[in-house]
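Colleague: Before I ask anything, here is the structure I am working with.
The values are calculated or read from the model by the stated rules, or taken from the named source; none is laboratory data. Keep in mind that what you see is a predicted model, and the values were worked out from it rather than measured. Positions of Cβ are generated from backbone atoms using ideal geometry, with glycine treated the same way; all protein chains shown enter the neighbour counts. Ligands, DNA and RNA are stripped out before the accessible areas are found, and what is left, the full protein with its side chains, is counted by its heavy atoms. Shrake-Rupley method; radii C 1.70, N 1.55, O 1.52, S 1.80 Å.
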Amino acid sequence: MFEAYSYWTIACLVLGGLIIIPTIMGFFAGNKFEVDGKTVLLTGASEGMGKAVAKELASKGASIVIVARNVGKLEEALEEIKASAKDPSAQRFQYISTDLSEPSAALLVIAEAIAWNKGNSPDIVWCLAGSSYPAFWIDTPVSKLRSQMDVNYWAATEMAHAILNEWLSPSALAERMVGSPPKHLVFTSSVLAFYSTVGYGAYSPTKAALRSLGDTLAQELQIYGGGEAAKVHVVCPGTIATAGFERENLTKPEITKQLEDADPIGSPEEVAVSAIKRLENGEYLIVCNWLGSLMRSQSWSGMRRGNWLLETVMTWFTSLLWIFLQRDLDGKVRKYGIKNGHPGTYPKKQ
Ligand SMILES: NC(=O)C1=CN([C@@H]2O[C@H](COP(=O)(O)OP(=O)(O)OC[C@H]3O[C@@H](n4cnc5c(N)ncnc54)[C@H](OP(=O)(O)O)[C@@H]3O)[C@@H](O)[C@H]2O)C=CC1
Ligand SMILES: CCCCCCCCCCCCCCCC(=O)[C@@H](N)CO
């Protein structure tokens, strides 16, 4: 007869095994995001996270096309990216300058990239172009609410539409060799797609919408080549120390800064390496630090989980955590309001 604690020991061992075994299996599963000899198109890669991703992928042997508006920044970035190349004689590098928030810019970019790539579409498209305008929502000009959607959601959506129509065209599918590696479409969302805070009313909805498109495509792509023709991934970073982050801090309310103080700031290189590692593991919904994984764990619903068991167990614990966290976070905002009022709108209560 087992004592009660023995049952617990067995239960813990089984549960532990179920978590550890898939992790070890994942470790030996091989690279699911091979870029050596491939052509990768990255939007928003003239600075910040995008540039760090481009350099990392160049060092792994990828040919790179970067897209942004400012030509000076593009030229400088391309030199840096070239300097990181694994084999400069075999890899090729190009930039395309365009405003991706303009309707149909993406179609022209893809056509130009294909022409440059000798008639072949890029094997991987990673959308990173984006910006953030944090402010109290009623102070945010309506034009900003729209332009945030244009650059963060529509630019990525139109890019996805243009490239998927290349990858999944009847002729491309007919030529596709069985067993050849899938194409990859990567969106860059944010942890704010899981849980949004005060001050991010213009930004978070754009990133949540993008994640929702990712969820849809992750299922819809199962239609093509048994789900092996193309894969979609959504990367949700936390705070990254970039020029973009410095710009957003200029308009960010103090209370927003206080709440996001909990988020460990990553360098663009750290975030790039962490996202790429998870892509190589074959994950769909990707976070880049521990806070991101806590925030993601309360958003899974029906989304594709990486380590299914580990993620599920985590949802049980974090649902309890949230009982306290939500009170704490809302309480901080309420206190801030009582102390400061809304700048310029309400008289300060004495
Ligand atoms: N920094 C952070 O804390 C976080 C950032 N993110 C997301 O990660 C991505 C990268 O962020 P980060 O590295 O900070 O960004 P940066 O602001 O540092 O860089 C943004 C890049 O996008 C380009 N870009 C911006 N607008 C357009 C446009 N309309 N058309 C074409 N290119 C454009 C910029 O070049 P140019 O201006 O010349 O066009 C630049 O190359 C963004 O999508 C951002 O929302 C997510 C979570 C946290
Ligand atoms: C159990 C879970 C605990 C959760 C506590 C949550 C505390 C709030 C963290 C907010 C982090 C905001 C990062 C913003 C990144 C970004 O996308 C912007 N910098 C771009 O503008």
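Colleague: What strands (runs of 3 or more DSSP E) completely inside the stretch 22-102 contain at least 2 residues that are β-branched (Val, Ile, Thr)?
Modeller: Values: elements: 39-43, 63-68, 93-97.
Fully inside the stretch 22-102 and qualifying: 39-43, 63-68.
Colleague: Here's a follow-up. Report whether or not residue 82 is in contact with a strand residue (DSSP E or B) (Cβ under 7 Å, 6 or more places away or on another chain) and open to solvent by 70 Å² or more (accessible area, probe 1.4 Å).
Modeller: On the way: in contact with a strand residue (DSSP E or B) (Cβ under 7 Å, 6 or more places away or on another chain): yes; open to solvent by 70 Å² or more (accessible area, probe 1.4 Å): yes.
So residue 82 passes the test.
Let's see how each residue does on (1) under 26 Å from residue 57 (Cβ atoms); (2) open to solvent by less than 50 Å² (accessible area, probe 1.4 Å); (3) basic (Lys, Arg):
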| residue | (1), (2), (3) |
| --- | --- |
| 126 | yes, yes, no |
| 138 | no, no, no |
| 158 | yes, no, no |
| 174 | no, no, no |
| 190 | yes, yes, no |
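Colleague: A further question on this structure: Looking only at the stretch 307-335, which residues are of a type in the set (Phe, Trp, Tyr), closer than 22 Å to residue 259 by Cα and either modelled with pLDDT of 95 or more or open to solvent by 90 Å² or more (accessible area, probe 1.4 Å) (or both)? Talk me through it step by step, then tell me what you get.
Modeller: Step one: list which residues in the stretch 307-335 are of a type in the set (Phe, Trp, Tyr), which gives 308, 316-317, 322, 324.
If we keep only those that are closer than 22 Å to residue 259 by Cα as well, we get 317, 322, 324.
Correct list: 317, 324.
Colleague: Further question on the same structure: If I ask for residues that are open to solvent by less than 30 Å² (accessible area, probe 1.4 Å) and not hydrophobic (A, V, I, L, M, F, W, C), which ones from the stretch 105-120 would you list?
Modeller: 117
Colleague: Would you call residue 154 among the aromatic types (Phe, Trp, Tyr), open to solvent by 10 Å² or more (accessible area, probe 1.4 Å) and at pLDDT 95 or above?
Modeller: Yes.
Colleague: Here's something else I'd like to know. Looking at the stretch 201-229, I want the residues that are of a type outside the set (Phe, Trp, Tyr) and open to solvent by 60 Å² or more (accessible area, probe 1.4 Å) and have a partner that is part of a helix (DSSP H, G or I) and within 16 Å of ligand 2 (Cβ to nearest atom) with Cβ atoms under 8 Å, at least 6 apart or on another chain. Which pairs are those?
Modeller: Hits for this filter: 205/149.
Colleague: Still on this structure: With (1) buried (at least 22 other Cβ atoms within 10 Å of the Cβ); (2) more than 29 Å from residue 325 (Cα to Cα) as the list, and residue 148 as the residue in question, which single condition is left unmet?
Modeller: For residue 148, the failing item is (2).
Colleague: Are any residues in the stretch 238-254 in contact with a Phe, Trp or Tyr (Cβ under 8 Å, 6 or more places away or on another chain) and within 11 Å of ligand 2 (Cβ to nearest atom), and if so, which ones? Lay out the reasoning, then the answer.
Modeller: Taking the stretch 238-254 and keeping what is in contact with a Phe, Trp or Tyr (Cβ under 8 Å, 6 or more places away or on another chain), we get 239, 248, 251, 253-254.
Selection gives 239, 248, 251.
Colleague: Another question, if that's okay. Within the stretch 271-289, how many residues are within 14 Å of ligand 2 (Cβ to nearest atom) and out of contact with any helix residue (DSSP H, G or I) (no Cβ under 6 Å at 6 or more places or on another chain)?
Modeller: The qualifying residues number 2.
Colleague: List every residue pair whose Cβ atoms lie under 8 Å apart, where the two residues are 6 or more positions apart in sequence or sit on different chains, the first residue falls within the stretch 321-336 and is closer than 21 Å to residue 253 by Cβ, and the second residue, located anywhere, is open to solvent by 60 Å² or more (accessible area, probe 1.4 Å) and part of a helix (DSSP H, G or I).
Modeller: What qualifies is 332/258; 336/254; 336/258.
Colleague: Of all residues in the stretch 46-69, which are free of Cβ contacts under 8 Å to residues at least 40 places away in the same chain and either buried (at least 24 other Cβ atoms within 10 Å of the Cβ) or of a type in the set (A, V, I, L, M, F, W, C) (or both)?
Modeller: Within the stretch 46-69, 54, 58, 64, 66 meet the criteria.
Colleague: Collect the residues in the stretch 30-45 that are open to solvent by 10 Å² or more (accessible area, probe 1.4 Å) and in contact (Cβ under 8 Å) with a residue 12 or more places away in the chain, keeping them in residue-number order.
Modeller: So the first thing to find is which residues in the stretch 30-45 are open to solvent by 10 Å² or more (accessible area, probe 1.4 Å), and the list is 30-32, 34, 36-39, 44.
Within the stretch 30-45, 31, 32, 34, 36, 37, 38, 39, 44 qualify.
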